[in-house]
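K.L.:
This is the structure, below, for whatever I ask next.
The values are calculated or read from the model by the stated rules, or taken from the named source; none is laboratory data. Just so we're clear, the structure is a prediction, and the values are computed from it rather than from any experiment. Note: ideal-geometry Cβ built from the backbone for every residue, glycine included; neighbour counts use all protein chains shown.
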Amino acid sequence: MRRDPTTGDWIPYMAESWTISPNKLEITFKIRRGMKWSDGKPITADDWIMTWRIHTDKAVGSNLYDTFFIDGKPITLRKIDDYTIRFIYPKTDADAFAVASFAPWPAHVFGPVYQREGAEGIKKMWTLNEKPNNIVSGGPWLIESYRPGERLVLKRNPAFGEWNKDEAGNPLPYLDRYEIKIVKDVNARLAEFLAGNIDLFAPATVDHISQVRQAIQQGRLDATIKVNASPVASSQFMVFNWNKASDPFKQSLFRSDKFRRAMSHIVNRQAVIDIVYGGLGTPMYSSVYPVLTQWVNPKVPKYEYNLQQAAKLLAELGFTKKDKDGYLVDSKGRRLEFNLATNAGNNQREQIAKIFVDEAKKVGVKVNFTAIDFNTLVGQLLSSGPDRPFDAIIIGLSDGSLDWPFGSNVVPCKGNLHMWNKSGQCLDPRETQLDALYSRGRTELDFKKRVEIGYRMQEIEAQLLPVIYIAGPNYHPAWNNRLGGEHPDAIISSIWGQRELELTFIKK
C-alpha cells in the first residue's frame, strides 16, 4: 500500500486490490502479478512472508519488530497462494494499512541465509562492503557504485519499470541515474547547491535561505525555493537515561519529573529558533509533530523557558546552595552535573546543545557536552539493561503516521525506542497509562475517538516529560530548475516532500 498525496488515502501499490473481513480483523491482499526482483525472479507472497518472519524475530533487532504486535499479541501473515496474502490482526488496528505497507525483501536471497544461520546470518548480510552487483532490489534503483565519504550512485532498475508506468506508458523511474553526494555538513551541502553540483536542498536557516535567494536573484543559480512550506515532520529532543544503576544519584535525578521539568524550563526554544533556524522554526512540546495539525492538542501543558522556575524546582529537589565554581550542590555536597552528547557533524544539534549548556550554567547546572560518532550515539541510546552508558542525549525522530502518530516502538515500555527507560518494564505509573492508551488508540477505528485518546496521551506525556522536545526548523524545499516533476504547490510539505523521485525528470 501507499498513500495518495492529494487525498492522504491508502491506495493499491504492490497489491492490486484487497478485501476486509466483516469483523475488520483480516485483510486479504491480491498481489500484483508481473513484478520482478532486479535479478529477474518474480515477487510473490513468499517475499512478504519471509520478511515478516525476519522482522518479528526479536534476535534480529529490527525497528519494525514492535509494529507487528498489538498488546503483545502478534499480527500474523498467511500465504493463501503465490499471489494472495492474508494479514490477521489480533485486534482492530487503525494502523492496519501502515503495517501492510512494509517493503518486502527477496525471499530467495534472505530465506536460505535465515534458515541456515538465523538472526546472526541476517545481521551479516549486505554490509557496506557488499559488492553492488550482489544487492537485489525490487524498488526503482540499483546500486551502481559506492565510495565511502564521497558518493553513492544509483542506476535505474529496469524490472521496476515493467510494472511502474506513467499514463503514457513510459517506464519509471524517468532518470537513468541518481547520485547522492556525501558531504561533511550542511554548509558544504549549501555550497554544492549554489554551485549547481546538486539539485535538491532544504535550507534550515535564514542565512542559507537568503544565500539561495540572492544567487537566484543575481542570476548565478536557476532554482526554485518554497519558504515556510510547513513545519518539518520530525522532532529534536533531549532524553535522560533512567537506567544508571552504577550511579544511584544520577539515576534518582533523571527519574524525577521535577528535574526533567526544570530542564525543560532551561531549554530556550526561541533562542534555538532564532540562532539555529534563523527565526524560521516551530517550538515543540509533545511527541506529535506540529505539521500534523489534526493531532496536536492545543491545550497540552508547556514548560517554557523560565530560569527562575527551573531554579525553584531544583531547590525543591534540595539544590539550594552553590559551590565555589557557581554550580548547584545538595546537602551532601554533590554537584548538579551531567554529560550531554549528540552526533558530531550535525551542526544544528551541536548548536542546540551549546545553547542549553550556556542556559544551564546561568542556573548553576554543569553540563559537559561532547559530540560523538553517530553510530556510537545510537548504540548508547538503544542499549538496554539496568546500567546504560550515557547521561543525556540530543537526537531526533521522523516519519510519523497520519492514522496514529505515536510510535509503536517508542511509547510501549518494551519498545525498542523507549529511549529513556530500556529496563524492559514500566517504572512510572504514567508510563503504564501511556502504554495502555497507546493500545486503545491504535485499536480504535473511529477517528474522532482516536484523536481524543491522542489528546489525553499528550497531556500525560507533559506530566511525565520522558522526552524534552525542543524545536524544529520549518520546511523550505529548494531545487534546481533543470528538474521537472515536482508536486503541485498545494501538496508540497514535509509530509509529502517536494516530489516523487520516480516521477522526476531532467528538462530538455
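K.L.:
Counting just the residues of the stretch 159-191 that are touching a residue at least 40 places away in the same chain (Cβ under 8 Å) and exposed (fewer than 15 other Cβ atoms within 10 Å of the Cβ), which one comes out nearest to R33 (Cα to Cα)?
P.N.:
Filtering first and then ranking leaves E162.
K.L.:
So which residues in the stretch 475-489 are in a strand (DSSP E or B) and buried (at least 17 other Cβ atoms within 10 Å of the Cβ)?
P.N.:
Passing the criteria: Y475, A478, W479, N480, L483, E486.
K.L.:
Can you give me the number of residues within the stretch 163-201 that are within 24 Å of the chain's Cα centre (by Cα), more than 23 Å from A233 (Cβ to Cβ) and of a type outside the set (A, V, I, L, M, F, W, C)?
P.N.:
4
K.L.:
Turning to a different aspect of this structure: Being in the same structural domain as K302 (by TED's automatic domain parsing), touching a residue at least 60 places away in the same chain (Cβ under 8 Å) and buried (at least 19 other Cβ atoms within 10 Å of the Cβ) is true for just one of L417, L465, L445, L427. Which residue is that?
P.N.:
L465
K.L.:
Would you confirm whether or not the stretch 292-304 contains a residue that is in a strand (DSSP E or B) and either closer than 20 Å to P466 by Cβ or assigned by TED's automatic domain parsing to the domain that holds S252 (or both)?
P.N.:
no
K.L.:
Looking only at the stretch 424-434, which residues are under 22 Å from the mean Cα position of the chain (by Cα) and modelled with pLDDT of 95 or more?
P.N.:
E431, L434
K.L.:
Within the stretch 192-224, track down each residue that is buried (at least 20 other Cβ atoms within 10 Å of the Cβ) and farther than 19 Å from V276 by Cα.
P.N.:
Within the stretch 192-224, F193, L221, A223 qualify.
K.L.:
Restricting the search to the stretch 314-358, which residues are closer than 19 Å to G472 by Cα and acidic (D, E)?
P.N.:
E350
Yes/no matrix, rows are residues, columns are (1) crowded, with 20+ Cβ neighbours inside 10 Å; (2) of a type outside the set (G, A, S); (3) over 17 Å from S234 (Cβ atoms):
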site: D323; (1), (2), (3): no, yes, yes
site: G333; (1), (2), (3): no, no, yes
site: N347; (1), (2), (3): no, yes, no
site: K354; (1), (2), (3): no, yes, yes
site: V365; (1), (2), (3): yes, yes, yes
site: G379; (1), (2), (3): no, no, yes
site: L382; (1), (2), (3): no, yes, yes
site: D387; (1), (2), (3): no, yes, yes
site: I394; (1), (2), (3): yes, yes, no
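K.L.:
Related question: Among (1) closer than 22 Å to T92 by Cβ; (2) assigned to a helix (DSSP H, G or I), where does E459 come up short?
P.N.:
(1)
K.L.:
Go through the stretch 35-65 and count every residue that is out of contact with any Asp or Glu (no Cβ under 7 Å at 6 or more places or on another chain), of a type in the set (V, I, T) and over 16 Å from E120 (Cβ atoms).
P.N.:
Qualifying residue count for the region: 4.
K.L.:
If I filter the stretch 41-61 for residues that are assigned to a loop (DSSP other than H, G, I, E, B), surrounded by fewer than 19 Cβ atoms within 10 Å (Cβ to Cβ) and modelled with pLDDT under 95, do I get at least one hit?
P.N.:
So far as the stretch 41-61 goes, yes, one or more of its residues are assigned to a loop (DSSP other than H, G, I, E, B), surrounded by fewer than 19 Cβ atoms within 10 Å (Cβ to Cβ) and modelled with pLDDT under 95.
K.L.:
For the stretch 77-121, how many residues meet the condition of being touching a helix residue (DSSP H, G or I) at 6+ places or on another chain (Cβ under 7 Å), buried (at least 17 other Cβ atoms within 10 Å of the Cβ) and over 12 Å from T51 (Cβ atoms)?
P.N.:
Residues meeting the conditions: 7.
K.L.:
May I pose another question? Can you name every residue in the stretch 362-410 that is assigned to a strand (DSSP E or B), among the aliphatic types (A, V, I, L, M) and modelled with pLDDT of 95 or more?
P.N.:
Listed by number, the residues that qualify are V367, A371, I372, A392, I393, I394, I395.
K.L.:
Go through the stretch 62-88 and give me each residue that's in a loop (DSSP other than H, G, I, E, B) and farther than 18 Å from A15 by Cα.
P.N.:
S62, N63, L64, D71, G72, I75
K.L.:
I'm checking my understanding of the structure. Among residues of the stretch 202-250 that are without any contact (Cβ under 8 Å) to a residue 60 or more places away in the chain and in a loop (DSSP other than H, G, I, E, B), which one is nearest to the chain's Cα centre (by Cα)?
P.N.:
D247
K.L.:
It is to be established whether one or more residues within the stretch 23-35 are of a type in the set (K, R), in contact with a helix residue (DSSP H, G or I) (Cβ under 6 Å, 6 or more places away or on another chain) and farther than 25 Å from G441 by Cα.
P.N.:
Looking through the stretch 23-35, none of the residues is of a type in the set (K, R), in contact with a helix residue (DSSP H, G or I) (Cβ under 6 Å, 6 or more places away or on another chain) and farther than 25 Å from G441 by Cα.
K.L.:
Working only within the stretch 332-373, note down all residues that are basic (K, R) and out of contact with any strand residue (DSSP E or B) (no Cβ under 7 Å at 6 or more places or on another chain).
P.N.:
K332, R334, K361, K362
K.L.:
Listed residues A168, A223; which is small (G, A, S), outside the structural domain of D489 (by TED's automatic domain parsing) and at pLDDT 95 or above?
P.N.:
Exactly one residue qualifies, and that residue is A168.
K.L.:
Let me ask something else about it. Of all the residues that make up the stretch 19-40, how many are buried (at least 17 other Cβ atoms within 10 Å of the Cβ) and outside any loop (DSSP other than H, G, I, E, B)?
P.N.:
4
Quick grid of which residues meet (1) within 26 Å of Q251 (Cα to Cα); (2) free of Cβ contacts under 8 Å to residues at least 40 places away in the same chain:
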position: G278; (1), (2): no, no
position: V300; (1), (2): no, no
position: A310; (1), (2): yes, no
position: K324; (1), (2): yes, yes
position: V329; (1), (2): yes, yes
position: K332; (1), (2): yes, yes
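K.L.:
Right, S17: without any contact (Cβ under 8 Å) to a residue 60 or more places away in the chain, of a type in the set (S, T, N, Q), farther than 17 Å from F102 by Cβ and outside the structural domain of A159 (by TED's automatic domain parsing) or not?
P.N.:
The answer is yes for S17.
K.L.:
Kindly indicate which of R499, R450 is buried (at least 16 other Cβ atoms within 10 Å of the Cβ) and either under 16 Å from N297 (Cβ atoms) or assigned by TED's automatic domain parsing to the domain that holds D95 (or both).
P.N.:
R450
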